[in-house]
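Colleague: Below is a structure I'd like to ask you about.
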Amino acid sequence: MAEGILGLASGQGASLNQELIDKLKAAEQKARVEPIEKDIEDITKEREVFSTIDTKVGELLDAIKPFDLFVSGGVNAFDQKAATTSGDSVTFNAVDATKLNKGVTTVNIDTLAQKDVYQSNAVNAATKDALGDIGTLTIDVAGKTLNFNTADFSTYDELVDQINTNPEVNASVEQVGTDSYRLVLKSADSGLDNKLTISGAASQALGYTTDGTTVNATNQLLTAQDMKAFVDGVEYNVSSNKLTVDGLEMTATKTGISTINITDDNTQIQAQVENFITKYNELVDLVDGEAFDSSSSIKDKSAIRSILTQIKDKLFGEYGPNDKSLFNYGFEIDKAGKLSLDTKTFSTAISDDLEGLKELFVGTAANEGLGTQLKTVLDEMNFSDGVLTSYLATMDSREETLNKEKEKAEETLNNKYSQLANQFAAYGAIINQFEASFSGLKMMIQQSTTSG
């Protein structure tokens, strides 16, 4: 005899539970959400590959910059200079290499620029801390007249603090013995234009002057003076110990004669070219490896290939008034599209045709060379409509769309199975009611059968 009708009296209401809902939801999530999550994971991998490509393009850009006509600082690979020096009276620094003159420059330092430095008479601590009214201290410096009424100050230190509010003078109280102090005044800058003229009753009382105006030679430690120098025989009188002539900064350290010999430096050109070739070949390997690999994470392979296409358009062009290419100077290319250099041919070109090489790589404003044009192309890849920026924007857009699709799919599933849980609860109650009714009917049938 049957135990139930459509499962009644078999406890089937209990089978409509959360475990069943979770299994149904997991199955549907695997079909609808996980494919989207996989696509998002693929974009993450794609970003990693793209970032590597972007880095390699940046390295190639750095490698070509020495051959750019408009290179920062104005000194390209063909304008490098080397220098040798003699003597120790001057240190040299090239502040603008484009203005440097080749050949020997002789610098004769006759006098060094120096500050005015005065010290007061020595006083003990008690006097230092009880200045008192000793009249007005007047300091003329750099076209200014500074007046200090000592009656306004209780101590030497207070006077010093007020003097130092003026940038033209440096003042300090120096302990020069066990109980001995001096008020030291220095012009902030060297040179005759910054000399100190100290006067007034306080000046005489402090010992800077003998009669309020006449300098006390004992207490003037340094006398302001300009640097006097001769550069290739030309006389210079300047307030600083630094002098810049034709892009060369010269800092005097002592009197005497020093020389610098400036020559062209072509020793780095070949190394810089070889570095460019290395970076180009690395980019070729990377892009080709991704573009022709079916398992690559890169989605838009044509966009990635266009990076090399744009570079090759410039790389294999002709430049200069004689329409020469890289292959006229020892460059070679193999079947994989990678470059190499015949160093002997290139070295000969540096020695015998340096101007031709410069026309090829750098060019002029009217006829830009390979390096100048390629640098522009590589720069533009990161502009708003450049291939790198556009590819990144496309990835961002795809990822945003996928995240929205995932969010929508998850929301749909959550709503669907939340509703299903409510329905299961209602169905379970109904089934339980039917099962309870059927249980009573079953008992009546069994009793009727037994009594018969």
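Colleague: Could you give the nm distance between label points at K338 and T210, where each point is 7 Å from its Cα heading toward the beta carbon?
Modeller: 8.6
Colleague: Here's a follow-up. Could you grab the relative contact order for segment 117-222? Cα pairs under 8 Å, six or more apart, rounded to a whole percent.
Modeller: On the way: 216 pairs, mean separation 36.4, N = 106.
Result for segment 117-222 is 34 percent.
Colleague: Sticking with this structure for a sec: Work out the P(r) tail for the chain: percent of alpha carbon pairs separated by more than 27 Å, whole number.
Modeller: Result for the distance tail: 75 percent.
Colleague: So how strong a dipole does the chain carry about its Cα centre when Lys and Arg Cβ are +1 and Asp and Glu Cβ are -1, to the nearest 20 debye?
Modeller: 960
Colleague: Would segment 32-81 count as rounded, prolate or oblate if I go by the C-alpha gyration tensor, calling it rounded below 1.5 in a/c and otherwise prolate when a/b exceeds b/c, oblate otherwise?
Modeller: Prolate, since a/c reaches 1.5 and a/b exceeds b/c.
Colleague: Here's another thing I want to ask about it. Could you calculate the contour length gain from D353 to S154, that is, 0.36 nm times the residue separation minus the distance between their Cα atoms, to one decimal place in nm?
Modeller: 63.8 nm
Colleague: Could you calculate the FRET efficiency of S51 with Q80 from 1/(1 + (r/R0)^6), where r is the beta carbon distance between them and R0 is 35 Å, rounded to 0.05?
Modeller: 0.60
Colleague: Hey, which of these cross-link pairs are over 30 Å Cα-Cα: K301/K344; K81/K195; K338/K358?
Modeller: The pairs that break the limit, which is 30 Å between Cα atoms, are K301/K344; K81/K195.
Colleague: Determine the calculated [θ] at 222 nm for the chain from helices alone, applying -39500 (n - 2.57) to every DSSP H run no shorter than 4 residues and normalising by the residue count; nearest 500 deg cm²/dmol. If you can, show how the numbers build up before the last one.
Modeller: Details: 11 runs with 196 residues, N = 452.
Helices in the chain give a 222 nm mean residue ellipticity of -14500 deg cm²/dmol.
Colleague: Let me ask something else. Any idea how far apart D42 and F92 come out in nm if each label point goes 7 Å out from Cα toward Cβ?
Modeller: 6.3
Colleague: G337's amide H: which non-local residues (gap 5+, or another chain) put their own amide H closer than 5 Å, with H modeled 1.01 Å from N in plane and none for Pro or chain starts?
Modeller: Amide H neighbours of G337, under 5 Å, 5+ apart: none.
Colleague: Follow-up. How do the peptides 189-200, 48-59, 369-380 rank, highest first, by the average count of neighbouring beta carbon atoms within 10 Å per residue?
Modeller: Going by the mean number of other Cβ atoms within 10 Å, highest first, we get 369-380, 189-200, 48-59.
Colleague: Next question. Would you work out which of S203, S180, I134 lies farthest towards the positive end of the dipole of the chain? Charges go on Cβ: Lys and Arg +1, Asp and Glu -1.
Modeller: S180
Colleague: Show me 60-68, 402-410 ranked by packing, highest mean number of other Cβ atoms within 10 Å first. Don't skip to the answer; put the middle values down first.
Modeller: Numbers: 60-68: 22.0, 402-410: 14.7.
Most protected by this proxy first, the peptides run 60-68, 402-410.
Colleague: Next question. Subtract the Cα-Cα distance of K102 and K312 from 0.36 nm times their separation in residues, and report this length gain in nm to one decimal.
Modeller: Additional length available on full extension: 71.9 nm.
Colleague: Would you work out which of S51, T348, Q225 lies farthest towards the positive end of the dipole of the chain? Charges go on Cβ: Lys and Arg +1, Asp and Glu -1.
Modeller: Most positive-ward Cα: S51.
Colleague: Another question, if that's okay. Could you go through segment 230-244 in sequence order and give the Karplus-derived ³J(HN,Hα) for each residue, using 6.51 cos²θ - 1.76 cosθ + 1.60 with θ = phi - 60°, rounded to whole Hz, and x for Gly and Pro?
Modeller: Ordered by residue, 3J(HN,Hα) equals 10, 10, 6, x, 7, 7, 10, 10, 9, 6, 9, 8, 10, 9, 10 Hz.
Colleague: If segment 117-222 were replaced by its equivalent ellipsoid, with semi-axes equal to the square roots of 5 times the Cα gyration tensor eigenvalues, what would those be, largest first, whole Å?
Modeller: Whole-Å semi-axes of the equivalent ellipsoid: 20, 15, 14.
All of the numbers you see were taken from the coordinates with simple rules; none came from a lab. These numbers come from a predicted model, not from an experiment. Positions of Cβ are generated from backbone atoms using ideal geometry, with glycine treated the same way; all protein chains shown enter the neighbour counts.
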